[in-house]
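For reference, the structure discussed in these notes is given below.
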Amino acid sequence: EAGVYLTGGLIANLGGMITATAVGAAIGGGGSGTNSGTISSAAEFAVFLDQGGQVTNETGGKLYGGRYGITSDGQFQVTNQSNATIAGKNDAIINIAGISTVTNQGTITGGQYGINLQNGAGTVINQGSIYGGSIGGAGLFMGGYLDNELGSTLNGKYFGVNINGGTGTVVNQGF
């Protein structure tokens, strides 16, 4: 069950509310989503990118997932603007395949990881707050690059950032 299902193209939630039990918005074929309202799921994903894609959570936007805020099985790009929130009971953002880029100026909060990037090198630019409750802030499990900029925070129970499985670089000017 999805609140909105689109095979390619663009979903634009401009100040509205999309809710569902399983998936708030499912976007297939490398499509994209823009949100300045609320997209939520009680059980699974606020946004699911089938075959990757792009999500922009604009200022004031809220993405809440019963399991994950955003999940993807392909290359993706996520932008979380200032005063925007992405949250999930497990992870706020998880990618299980493909190269990933996350730019954060707002708040990203997960019960385990804030950001969990697997099976593809990742890039994280943090100008806001990233928090992982029971494990860590950001896990880049095929290597990658993380820039925690001045005034930003990145933390978790065991670590702020964990880069393994490939070459990694961390630039930290925040906390």
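For the chain, modelled as a Gaussian network with Cα springs under 10 Å, which listed residue fluctuates most, 41, 129, 152? Residue with maximal mean-square fluctuation among 41, 129, 152: 152. Between 99, 115, 86, the residue with the greatest mean-square fluctuation in the GNM of the chain (Cα pairs under 10 Å linked by springs) is 99. Compared with the direct C-alpha span, the chain from residue 97 to residue 175 gains 25.2 nm at full extension, assuming 0.36 nm per residue. When a/c reaches 1.5 or more, the comparison of a/b and b/c decides; with that in mind, is segment 118-175 rounded, prolate or oblate per its Cα gyration tensor? It comes out oblate by the Cα gyration axes.
Relative to the globular-protein estimate of 2.2 N^0.38 Å, the Cα radius of gyration of segment 1-89 stands at 0.91.
Across 20, 46, 138, mean-square fluctuation computed from a Gaussian network of the chain (C-alpha pairs under 10 Å connected) peaks at 20. Of the GluC sites (Glu not before Pro) found in segment 1-74, those that fall in a DSSP loop while having at most 13 other beta-carbon atoms within 10 Å are 1. What FRET efficiency, computed as 1/(1 + (r/R0)^6) with R0 = 22 Å and r the Cβ-Cβ distance, is obtained for residue 43 and residue 118, rounded to the nearest 0.05? The value I calculate is 0.55.
Rounded to the nearest whole angstrom, the semi-axes of the ellipsoid equivalent to the chain, taken from the Cα gyration tensor as √(5λ), stand at 24, 16, 14, largest first. Measuring from a point 7 Å past the Cα of residue 19 along Cα-to-C-beta, which residues in segment 35-50 have an amide N at less than 20 Å? Within reach of a label on residue 19: 35-48. When the chain is described by a simple charge dipole with +1 on each Lys and Arg Cβ and -1 on each Asp and Glu Cβ, the residue from 19, 99, 172 located farthest towards its positive end is 172.
A Förster radius of 41 Å, combined with the Cβ-Cβ distance separating residue 12 from residue 158, puts the computed FRET efficiency at roughly 0.60.
Every number here is computed from the coordinates shown, using simple stated rules; none is lab data. A quick note: this is a predicted structure, and the numbers were derived from the prediction, not measured. A quick note on method: Cβ atoms are made from the backbone with ideal geometry, for glycine too, and the neighbour counts reach across all protein chains shown.
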